[in-house]
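Working notes, beginning with the structure itself.
The values are calculated or read from the model by the stated rules, or taken from the named source; none is laboratory data. Computed from a predicted model, the values in this text were never measured in an experiment. Note that each Cβ is placed from the backbone with ideal geometry, even for glycine, and that neighbours are counted across all protein chains shown. The protein model used for the area step is the full one, side chains on, heavy atoms only, and it has no ligands, DNA or RNA in it. Shrake-Rupley method; radii C 1.70, N 1.55, O 1.52, S 1.80 Å.
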Amino acid sequence: MRSNNKAMLSPKEAADLLGMNTQTLRVLIQNGKIPGASCLKRKINYLYIIPAAAIHKFINGEFAGGESNG
């Protein structure tokens, strides 16, 4: 397993860390379920801004509402 010290992640990298497919991740981001991650609608597609820190906080349950995944 390689070390990932990147500040920003691609949707695929983030989805892999979370153990979900990229479409599920995109829906979570679009619905504001991963604080710190965002998407910008462009003319023909979306641009996803995914800080690695936001994904790690989501994994650890440190997100708005304090809900857990399990």
If you go through the stretch 1-50, how many residues are aliphatic (A, V, I, L, M), part of a loop (DSSP other than H, G, I, E, B) and under 10 Å from the mean Cα position of the chain (by Cα)?
4
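Filter the stretch 1-41 down to the residues that are among the charged types (D, E, K, R) and open to solvent by 90 Å² or more (accessible area, probe 1.4 Å), then identify the one that is farthest from N60 (Cα to Cα). Step through it out loud before you land on a result.
Applying the first criterion (among the charged types (D, E, K, R)) to the stretch 1-41 yields 2, 6, 12-13, 16, 26, 33, 41.
Filter again for open to solvent by 90 Å² or more (accessible area, probe 1.4 Å), leaving 2, 6, 12, 16, 33, 41.
Numbers: R2: 20, K6: 18, K12: 19, D16: 15, K33: 14, K41: 28 Å.
Among residues in the stretch 1-41 that are among the charged types (D, E, K, R) and open to solvent by 90 Å² or more (accessible area, probe 1.4 Å), the one farthest from N60 (Cα to Cα) is K41.
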Pairs where the first residue, in the stretch 43-70, is at pLDDT below 90 and the second is among the acidic types (D, E), C-beta under 9 Å, 6+ apart:
G61/E67
